[in-house]
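Participant: Pasting a structure here, questions to come.
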Amino acid sequence: MTPPPASVLKITSILWVVWGIVHAFFGVAVLSFDASDGFAAIAAGVDADAVGADYHPAVGAILNQHGWNLLWFGLVTTLGGTMIWKGSRTAIWVCAMVAGLADLGYLIFVDFGGYGTFVPGTLMTIIAGSAILLGGWILLSERTVRSS
């Protein structure tokens, strides 16, 4: 396998940092909203009035858990992205696992359900998928070089 140019590592890093910052931001936003506004922010493809209601506090608590998860996914991925910039191959795996699996849930339940919007939802999934593919190229090319 042809080794990727050095810039691929930097591009992978930038993609993960962007993904991480956006998700950390939305995590903080969801934590600061009431349940109706939190659902409207997540399901941006749905009219805000359709998800507006007087929710039981337990629903707000579950939504806050989701906001917390967005926040920590984002922070871990941002940190991992900066470590990828410095050459950490372990961080490539960590970002792919944390952000990739988080975005897989979004893709299946929100995007495929028709509740998301292209920006930022689907775009973040494209960014994560691109970073996973580029990181895989880096890791597989190094494996091929070592075995030669």
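No lab work stands behind these numbers, since they all come straight from the coordinates. Everything numeric here is computed off the predicted structure, so don't read it as measured data. Ideal geometry is used to build each Cβ from the backbone, glycine not excepted, and the neighbour counts take in all protein chains shown.
Participant: When residues of the stretch 1-51 are filtered for being farther than 23 Å from residue 97 by Cβ and polar (S, T, N, Q), how many remain?
Facilitator: 4
Participant: Being in a helix (DSSP H, G or I) and among the hydroxyl-bearing types (Ser, Thr, Tyr) is the filter here; which residues of the stretch 1-11 pass it?
Facilitator: Taking the stretch 1-11 first, the residues in a helix (DSSP H, G or I) are 6-11.
The answer is 7, and nothing else.
Participant: Those residues that are in a loop (DSSP other than H, G, I, E, B) and in contact with a helix residue (DSSP H, G or I) (Cβ under 8 Å, 6 or more places away or on another chain), I need them from the stretch 116-137; list them, please. Spell out the reasoning first.
Facilitator: Pass one, the stretch 116-137, residues in a loop (DSSP other than H, G, I, E, B): 116-117.
116 - this is the single residue of the stretch 116-137 that is in a loop (DSSP other than H, G, I, E, B) and in contact with a helix residue (DSSP H, G or I) (Cβ under 8 Å, 6 or more places away or on another chain).
Participant: Among residues belonging to the stretch 12-70 that are touching a Ser or Thr at 6+ places or on another chain (Cβ under 8 Å), in a helix (DSSP H, G or I) and of a type in the set (A, V, I, L, M, F, W, C), point out the one that is surrounded by the fewest Cβ atoms within 10 Å (Cβ to Cβ).
Facilitator: Checking each candidate, the answer is 48.
Participant: Out of everything in the stretch 26-48 that is free of Cβ contacts under 8 Å to residues at least 24 places away in the same chain and aliphatic (A, V, I, L, M), what residue ends up being nearest to residue 75 (Cα to Cα)?
Facilitator: The qualifying residue nearest to residue 75 (Cα to Cα) is 41.
Participant: Which condition breaks for residue 108 when tested against (1) over 27 Å from residue 4 (Cβ atoms); (2) aliphatic (A, V, I, L, M); (3) within 10 Å of the chain's Cα centre (by Cα)?
Facilitator: Result: residue 108 fails condition (3) only.
Participant: Counting just the residues of the stretch 97-119 that are of a type in the set (A, V, I, L, M, F, W, C) and in contact (Cβ under 8 Å) with a residue 40 or more places away in the chain, which one comes out farthest from residue 19 (Cα to Cα)? Show your work before the answer.
Facilitator: Just the residues of the stretch 97-119 that are of a type in the set (A, V, I, L, M, F, W, C), to begin with: 97-99, 101-102, 104, 107-110, 112, 118-119.
Narrowing the set further to residues that are in contact (Cβ under 8 Å) with a residue 40 or more places away in the chain leaves 99, 102, 110.
Numbers: 99: 8, 102: 11, 110: 17 Å.
Residue satisfying both the conditions and the ranking: 110.
Participant: I need every pair where a residue in the stretch 70-94 that is in contact (Cβ under 8 Å) with a residue 60 or more places away in the chain has its Cβ under 7 Å from the Cβ of a residue that is of a type in the set (Phe, Trp, Tyr) and in a helix (DSSP H, G or I), sequence separation at least 6 or different chains.
Facilitator: Sorted first by the residue in the stretch 70-94, then by its partner, the pairs are 77/16; 77/19; 80/16; 81/16; 84/16.
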